[in-house]
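Notes follow the structure.
The values are calculated or read from the model by the stated rules, or taken from the named source; none is laboratory data. No experiment lies behind these values; they were computed from the predicted model shown. Methodologically, a virtual Cβ is constructed for each residue, glycine included, from the backbone with ideal geometry; neighbour enumeration extends over all protein chains shown.
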Amino acid sequence: MNVKRNTLLLLACLVWSAAGFNILRIGLLAYPPYLTVLNLCLSVVVFAVFQKFIFGKLVNKHSARIGAYVEEKHFFLKFFDRKAFLIMAIMMSGGIGLRTSGLAPDRFIAVFYTGLGASLLLAGLLFGRNYIKAVLSAPATGSKLENGGN
């Protein structure tokens with residue numbers, strides 16, 4: 001199934017927003033007994049680290065890659081490359097394994113998942129912002145191409 005190039009950004013938005021929302025929800029549900037200023041600060045640190053060093057870069061990298069596609073239609077899973085899908089699979093497997101094994105205490109789940117989930121959710125929203133920008137700029141770009149660049 002092929003979709004328009006800009007739709008790849010929308011798909012990335014939906015996938016990362018859904019993942020972020022679910023992880024954030026798990027963290028927030030575990031948080032009430034551990035709600036302290038220190039734990040909130042630690043969640044903010046987790047959020048900032050993931051946003052600056054992982055998800056912020058991921059959004060920029062994949063948005064630029066998608067924007068550079070020359071062809072208009074692409075396979076719907078091309079919103080990420082193999083490496084990104086591998087990272088996603090490892091993170092999901094690790095997260096599920098960590099929670100179901102009971103190795104991570106509830107305090108860790110509350111603090112870490114809240115920061116991680118918020119960062120994932122922001123990454124999804126940033127893909128959405130990039131989708132909106134691409135859609136709003138597409139008619140001007142498209143008309144120039146259709147008129148031979150004039």
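Before moving on, here are some points about what is shown:
- Selection of the range 38-55 for residues being among the small types (Gly, Ala, Ser) and surrounded by fewer than 19 Cβ atoms within 10 Å (Cβ to Cβ) yields only Ala48.
- Test: residue in the range 22-29 that is surrounded by fewer than 15 Cβ atoms within 10 Å (Cβ to Cβ) and without any contact (Cβ under 8 Å) to a residue 40 or more places away in the chain: yes
- Just so you know, in the range 57-79 the residues that are crowded, with 16+ Cβ neighbours inside 10 Å and of a type outside the set (Lys, Arg) include one that is nearest to Asn130 (Cα to Cα), and it is Ser63.
- One residue alone among Val46, Val70 is at pLDDT 90 or above and either among the β-branched types (Val, Ile, Thr) or in contact with a Lys or Arg (Cβ under 7 Å, 6 or more places away or on another chain) (or both), and that residue is Val46.
- Residue satisfying condition, being within 23 Å of the chain's Cα centre (by Cα), surrounded by fewer than 20 Cβ atoms within 10 Å (Cβ to Cβ) and at pLDDT 95 or above, within set Arg99, Arg129, Arg82, Arg107: Arg129
- Criterion: more than 30 Å from Thr36 (Cα to Cα), of a type in the set (A, V, I, L, M, F, W, C), touching a helix residue (DSSP H, G or I) at 6+ places or on another chain (Cβ under 6 Å) and in contact (Cβ under 8 Å) with a residue 12 or more places away in the chain - qualifying residue of Phe112, Phe127: Phe127
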